[in-house]
Amino acid sequence: MKRSVFFISDGTGITAETLGHSLLAQFESISFDETTLPYIDTVAKAETVVAEINRTADADGIRPVIIDTIVDKDIRDVIGKANGYMLDVFDTFVGRLQEELCTQAINAVGKSHSIDNNPHYNDRIEAVNFALDNDDGARTRYYDKADIILVGVSRSGKTPTSLYMALQFGVHVANYPLTEDDFDDLRLPASLREHKAKLFGLTIDPERLSAIRNERRANSTYSSLSQCQKEVRAAEAIFNREGVPFIRTTHASIEELSTRIMAAVGIKRRTLQP
């Protein structure tokens, strides 16, 4: 079964997408065709959106799901006339919070991502810069400043996980790729040994690793299944021998990986709220 979904926002659409993905993930039997429409901040734009939703409803033969984070009530009312099933964040949650808190919401666009109200914003930017500067073992002399050092074979998910943790939680993450040179004695490289307490391993099913590597370097030794099997076995042997905790990335999202890693090493999430 397939359903069309529209994420609509008067800002970037990140909040609508994040909330929507969390909800839709509960329905694995349904395939979702997703469309994100950001910066819908005028009635005219809303009317254009309604026309697009209605065309999709006619083509699909079933109304699309609409998940929106529109602040302006007039714009929400226009979108509400579309032939879709609308889940509105403000109608659903903000109104009820107003009643509970006995306070009127300010209804300001973009407030959830406002720099002024996010005291950890600069921390996150600094963490992202740290992740970029310490990506793929390019530098190891700053590992003493890292909160976590992700270790794993090439293309096991180290870089995207590092950047997500930095951007979302302000965590200083370095990552180090294990290569053939590191597998000779099945021990941690010298540059990692003094930081052993910060290490966390990422591993992956060899079949999945081979598929990922083939997208980058098709029909090469690097992407062959036998090479992937060899590297994964060696990496896991090092993790087990050295007592480095590790997690499989094969079927896990970056969000799940990040949360599980931080929970395992006891790092508290640094949220957007003041």
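The values are calculated or read from the model by the stated rules, or taken from the named source; none is laboratory data. As the structure is a prediction and not an experimental result, all values here were calculated from the model. Note that we place each Cβ from the backbone using ideal geometry, even for glycine, and neighbour counts take in every protein chain shown. We work out accessible area using only protein heavy atoms, side chains counted, and drop any ligands, DNA or RNA first. Shrake-Rupley method; radii C 1.70, N 1.55, O 1.52, S 1.80 Å.
Efficiency by 1/(1 + (r/R0)^6): what FRET value for Ser253 and Leu87, r their Cβ-Cβ distance, R0 = 25 Å, to the nearest 0.05?
Details: r = 21 Å, r/R0 = 0.86.
Efficiency, from the Cβ-Cβ distance: 0.70.
Could you compute the net charge surrounding Val89? Neighbours are other residues with a C-beta less than 11 Å from the C-beta of Val89; K and R count +1, D and E count -1. Intermediate values should be presented prior to the final figure.
Details: positive: Arg76; negative: Asp68, Asp88, Asp91.
My count for the surroundings of Val89 gives -2.
Between Arg260 and Thr35, what length comes free when the chain is fully extended (0.36 nm per residue of separation minus the Cα-Cα distance, one decimal in nm)?
Values: separation 225, 0.36 × 225 = 81.00 nm, distance 2.91 nm.
Difference between extended and current length: 78.1 nm.
What is the spin-label model distance, in nm, from Cys102 to Asp144 if the labels are put 7 Å beyond Cα along the C-beta direction?
Between Cys102 and Asp144, the label points sit 5.5 nm apart.
What does the highest-first list of 212-225, 76-89, 47-60 look like by mean Cβ count within 10 Å? Don't skip to the end; give the middle numbers.
Details: 212-225: 13.1, 76-89: 18.4, 47-60: 15.4.
Descending packing order for the listed peptides: 76-89, 47-60, 212-225.
Based on the mean of other Cβ atoms within 10 Å per residue, sort peptides 192-200, 168-176, 22-30 so the most packed one is first. List each step's numbers first, then the result.
Values: 192-200: 16.8, 168-176: 24.4, 22-30: 10.1.
Order by mean packing, descending: 168-176, 192-200, 22-30.
If I take R0 = 30 Å and measure r between the Cβ atoms of Ile125 and Lys268 in this structure, what FRET efficiency does the formula 1/(1 + (r/R0)^6) give, to the nearest 0.05? Please list the in-between numbers first.
Details: r = 19 Å, r/R0 = 0.64.
Efficiency computed from Cβ-Cβ geometry: 0.95.
In nm, what is the difference between 0.36 nm times the number of residues separating Ile212 and Thr12 and their Cα-Cα distance? Write out the running numbers ahead of the final one.
Values: separation 200, 0.36 × 200 = 72.00 nm, distance 2.96 nm.
Extra length from Ile212 to Thr12 when fully extended: 69.0 nm.
What residues have an amide H closer than 5 Å to that of Leu202, excluding those fewer than 5 places away on the same chain, when H is modeled at 1.01 Å from N in the peptide plane?
Val151, Gly152, Ile247
Give me the percent of the accessible area of segment 115-258 that comes from carbon and sulfur atoms, probe 1.4 Å, all protein chains in place.
Working: 3290 of 7120 Å².
For segment 115-258, the apolar C and S fraction of the accessible surface comes to 46 percent.
Can you list the residues of segment 234-265 with backbone N under 18 Å from a point 7 Å past the Cα of Ala25, pointing along Cα to Cβ?
Those under the cut-off are 247-264.
If you only keep lysine pairs separated by 8 or more in sequence, or across chains, how many in the chain come under 27 Å at the Cα atoms?
Close lysine pairs found across the chain: 21.
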